[in-house]
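Let me begin by presenting the structure, written as structure tokens, before commenting on it.
No value in this document is a laboratory result; all are computed from the given coordinates. Note that the coordinates shown come from a computational prediction; the quantities given were computed from them, not determined experimentally. Reconstructed Cβ throughout: ideal geometry from the backbone, glycine too, with neighbour counts over all protein chains shown.
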Amino acid sequence: MQVYLPIAEMSVNGLLVLIMGGVVGFLSGMFGVGGGFLMTPLLIFIGVPPAIAVGTQANQLVAASVSGVLAHWRRKNVDVKLGLVMLVGGAAGTALGVFIFGILQRLGQIDLVIALSYVLFLGGIGGLMLIESVGALIRGRKAGVRRKLHKHTWLHGLPFKMRFHRSRLYISALLPGGIGFVGGLMVAIMGIGGGFLLVPAMIYLLGMPTALVAGTSLFQIIFTTAIATFLQAAANHTVDVMLALLLLVGGVIGAQFGTKASGYLRGEQARALLALLVVGVALRLAVDLVMPPVNLYSITVPVDR
Amino acid sequence: MRGLAGRPPRRAAALLAAGCLLIAVLAGTAFARSAWAQSLVADLSNHLIAINTGFVGTEVVLFGATDGPGDVAVVVQGPPSEVMVRRKSRIAGIWINAASLEFQQAPSFYSVATNRPLDQIVGDAVLARHEIGLSHLRLPPAAPGRAAPDTVREFREALIRNKQELGLYNTTHGQVAFLGERLFRTNVYFPANVPTGAYTVTAYLIRDGDVVSAQTTPLAVSKVGFSAEIFEFAVRQSTFYGISAIIFAVAAGWLAGAIFRKV
């Protein structure tokens, strides 16, 4: 089933894209991440121009996050106040990211920056997650001593302290705001929701209860991806709704099953699996960067807007 | 727009003007002689390639007749556009786009078909004048004189190679077939990623090592129906397009969430 994509100006196998959307949606529902870090490289791999993959992915993530957050919302696993504070940073990060994206596109370095940020962020965070979760798996339940709720670091000395009742936190607003900002940058430049970064950051830096993390990060991602979709569509014309439709039909269905499946996984098991996936994608992209390319040359239509 | 003289649209116009003048001059003398300008006639099976949602590429048949023996070359050119060619170099262990060269006017699509290899029969000058064959394509760099000739050649070859890989430049598809002495036909294949715009299809009649007649037929490639509407919407009203895309995504996500709640 070939489907012509009007903005990407190419035709793709519709069934393949639907399945890709479904599988990635399942994983995203299961781990509470957007799944963009898998989908964007996959789209580029099947020949979608990186700019369109990133722009369209943002659109798809809006739908995936909405459907994902609903399930968490019903279980009251969303800290709206904290999510909104993150969003303030997220909006700024997204706007800056779309701006940087445009500049890099003109310089012809956007592919490189996408690949490098994937390798650095995914590799770094995935590696840490892997070490941590494998350690937790080995220690098993015996070492399940609760972490101290109050581990005071310099992070707690930051100004603008706010109380977040739902998460039982009293922390500086700069922390969730800053995390949101980095997440927003990632939405715009890498075409990912940034869940894989937000989730550990919220657990380790904020000390949020794990149950609230997935729902709250999804809640925040809805808005950053919506802003990114709007800016990419208006400024760069890189949102292909046909492609987004295919991805989100597969994605929202997969996400529902994924959310249900997450109930059967223990926290550290889920984290280990997610970490493996993340590290795998990072390694794959790192290999591409280091290996001599098959074709040294690339052609593009110059962007001069 | 193409600034150079002798590119197909202008050439066609010039040819037409010359033809009219000739006919006007000769009209009084002999009717039979007006056939001189028509030693080759050709037409396409279709003058519009419509890209709809299910578009997977298409073929257009060009058929025609000559007034006697000769070789026929059919050249299809898509609308020209600027193209940036970049070469990767290894910097600090990773491959990074380093050198680049911008070409001013590269046809977005190019295909040539002949009834037999012409390189041996026709001189390079003639082939170059009519841009028959990939090696005779005119690809001027955007900033002439800045890059060394060797570099220009290297990037030019890379441009052609990349376009070939995309299926947008080709010489292999649809060789010209003669049916008897005078009738000929060829199939031109357009892949699914064919760029939209105004194309020209030119058939050349070659005799004694020179082009003796040519005919250019326009061909439009455009999106139609749903694809066209989406494209227009996205480009003309990008703000509303962005907002609609978001509303659409939120609705889809919500709907899926609501449906699956009951399951």
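The value for segment A:1-143 of Rg(Cα) / (2.2 N^0.38 Å) is 1.23.
Projecting the Cα atoms of B:Pro69, B:Ala245, A:Ala91 onto the charge dipole of the protein assembly as shown (Cβ charges, centred on the Cα centre) puts A:Ala91 farthest toward the positive pole. Computed from the C-alpha gyration tensor, the three semi-axes of the ellipsoid equivalent to chain A are 31, 21, 19 Å, from longest to shortest. Given labels modelled 7 Å from the Cα in the Cβ direction, how far is it in nm from B:Ala98 to B:Ile121? The modelled label-to-label distance comes out at 4.6 nm. The mean sequence separation of alpha-carbon pairs under 8 Å and at least six residues apart, normalised by the residue count of chain A, gives a relative contact order of 40 percent. Annotation for segment B:101-181: GluC sites (Glu not before Pro) lying in DSSP loop with at most 15 further Cβ atoms inside 10 Å of their Cβ are B:Glu181. Its convex hull of Cα atoms gives the protein assembly as shown a direction-averaged projected area, equal to a quarter of the hull surface, of 31.3 nm². Modelled label positions at B:Glu165 and A:Arg168, each set 7 Å beyond Cα in the direction of Cβ, lie 5.7 nm from each other.
Of the residues A:Met186, A:Met242, A:Met86, the one that moves most in a GNM of chain A with alpha-carbon contacts below 10 Å is A:Met242. Add +1 for every Lys or Arg and -1 for every Asp or Glu among the other residues with Cβ under 13 Å from the Cβ of B:Pro69, and state the total. Combined, the nearby Lys, Arg, Asp and Glu give -1. Straight Cα distances below 20 angstrom link A:Lys161 to the aspartates and glutamates A:Asp79, with same-chain residues fewer than 8 positions distant left out. The value of relative contact order for segment B:137-263, using C-alpha pairs under 8 Å at least six residues apart, is 11 percent.
Over chain A, DSSP H runs of length four or greater, each weighted -39,500 (n - 2.57), average out per residue to a 222 nm ellipticity of -21500 deg cm²/dmol. At an R0 of 56 angstrom, the distance between the Cβ atoms of B:Val41 and A:Leu15 translates into a FRET efficiency of 0.80. Normalised Debye scattering of segment B:188-263 at q = 0.13, 0.14, 0.15, 0.16 Å⁻¹ gives log10 I(q)/I(0) of -0.69, -0.74, -0.78, -0.83, counting only Cα atoms as equal scatterers and leaving out solvent. By the combined test of axial Cα extent (at least 30 Å) and Kyte-Doolittle hydropathy (mean at least -0.5), the qualifying DSSP H helices of chain A come to A:50-74, A:80-107, A:210-231, A:267-290.
Remark on segment B:39-222: Rg and Dmax equal 18.0, 64 Å (Cα only).
The calculated FRET efficiency for the pair A:Leu205 and B:Arg138, based on their C-beta separation and a Förster distance of 51 Å, comes to about 0.30.
Average projected area of the Cα convex hull of segment B:224-263, in nm²? The directionally averaged projection comes out at 3.3 nm². Between the beta carbons of B:Asp67 and A:Arg284, assuming R0 = 60 Å, the FRET efficiency works out to 0.45 to the nearest 0.05.
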